[in-house]
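The values are calculated or read from the model by the stated rules, or taken from the named source; none is laboratory data. Because the structure is a prediction, the values reported are computed rather than measured. Note that each Cβ is placed from the backbone with ideal geometry, even for glycine, and that neighbours are counted across all protein chains shown. Surface accessibility is based on the protein's heavy atoms, side chains included, excluding ligands, DNA and RNA. Shrake-Rupley method; radii C 1.70, N 1.55, O 1.52, S 1.80 Å.
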Amino acid sequence: MSLAFNYRHLYYFWVVAKEGGMSHAAARLDMAVQTVSAQVRELERDLGCQLLKPAGRGLALTEAGVAALQQAEQIFQLGEALPDIVRGAAHVTSVRLTVGIADGLPKLVVQRLLKPVLGTPNLRLVCHEGEMADLLADLAVHRLDVVLSDHPAPFNRHLKVHNHPLGSSGMGWYAPQHWWELAHQGFPASLDKVPVLLPTTHSTVRGRLDQWLTQHALRPRVVGEFEDSALLETFGGSGLGVFPAALSVQDDLMQRYQARLLGSCEGVEEHYYAISTERKVEHPVVRRLLAQR
């Protein structure tokens, strides 16, 4: 970094300004008056401005000097605080939790699953979203501490992982006010009369939703399919159509999108899992996460 001035010269100027003159500053710095005066003149040459001017038997600040003093005050106040800040930071031990999130897992559900550990002191949470195969590979080499998913990890004799059930939630159909008014009477048959959004077949719950629609002899007009559950909820909440989501996030959907529950999908549930590489989990935050089962 290239500097236009010497910070030591600025410090001498700051002391002169605070002490009200060269002699008092020299006494505080335990230096000769001539040396202090020479250092201040060096600063003025570097900045190209006169900072001090004669005033009676003493010195006064020029307008440029006032501006320089204001900046110097901030600089040296920060400098005085630096040792305490650094020492404090050195004694704070952060707890890093690196979580892999299967891309089919709804984001509002992820927030709820992680909520029990978010109050961990000095927690540093790092989340990565991706395909299950990629996440399991990162878990195997300990780039991830745990993976959250809406389905258990498939058996692989070359990869020893353990599936920990975290619970489940029933599914329901939600709608913003306009579509809710049209569809809340006569549900579920009314789904054939309104536009519907669905997750793509990438999601494990899509097959169960299709089966539920077939069981009720429904053939709704599907106007959108979304791989990302957050996008599905955003478009649904903005008025594009009626959409499915977990019953456990009903309050969140109402608060965020004013989307109201039309009715439930009997027999359709989402299941949630934490996947680890060790049967005996060593990470303290992962242990707390699994304790919510």
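So if each residue of separation counts as 0.36 nm, and I subtract the Cα-Cα distance between THR201 and PHE155, what length gain in nm does that give?
Using 0.36 nm per residue and subtracting the Cα-Cα distance, I get 14.4 nm.
Calculate, for the range 1-157, the solvent-accessible area per residue in square angstrom, rolling a 1.4 angstrom probe over the heavy atoms of the protein chains.
With the other protein chains kept in place, the range 1-157 gives 60 Å² per residue.
Using only the alpha carbons of the chain, what is the convex hull's orientation-averaged projected area in square nanometres?
Result: 25.1 nm².
Testing the spin-label approximation: label points 7 Å from Cα along Cα→Cβ at GLN250 and LEU78. State their distance in nm.
Going by the 7 Å Cα→Cβ label model, 5.2 nm.
Please list GLU227, GLU233, GLU42 from largest to smallest accessible area, probe radius 1.4 Å, with all protein chains kept in place.
GLU227, GLU42, GLU233
Can you find, among PHE243, VAL222, VAL268, the residue farthest towards the positive end of the dipole of the range 218-293? Put +1 on the C-beta of Lys and Arg, -1 on that of Asp and Glu.
VAL268
Across the range 216-293, how large is the tail of the calculated P(r) beyond 21 Å, expressed as a percent of all Cα pairs?
Numbers: 1420 of 3003 pairs.
Percent of Cα pairs beyond 21 Å in the range 216-293: 47.
Contour minus end-to-end for VAL86 and HIS128, with contour as 0.36 nm per residue of separation and end-to-end as the Cα-Cα distance?
Full extension of this stretch gives 12.1 nm more.
Let me see the P(r) profile for the range 1-107: every Cα-Cα distance counted, bins of 5 Å, each bin given as a percent of all pairs.
The distribution over the range 1-107 is 2, 10, 17, 17, 13, 8, 6, 5, 4, 4, 4, 4, 3, 2, 1, 0, given as percents.
On alpha-carbon atoms, Rg over Rh for the range 26-67 using Kirkwood Rh?
Rounded to two decimals, Rg over Rh is 0.99.
Report, to the nearest whole %, how much of the accessible area of the chain belongs to carbon and sulfur atoms, 1.4 Å probe, protein only.
That share works out to 52 percent.
Per residue of the range 76-81, in order, report the coupling 6.51 cos²θ - 1.76 cosθ + 1.60 (Karplus, θ = phi - 60°) as ³J(HN,Hα) in whole Hz, putting x for Gly and Pro.
My calculation for the range 76-81 gives 7, 5, 4, x, 5, 7 Hz in order.
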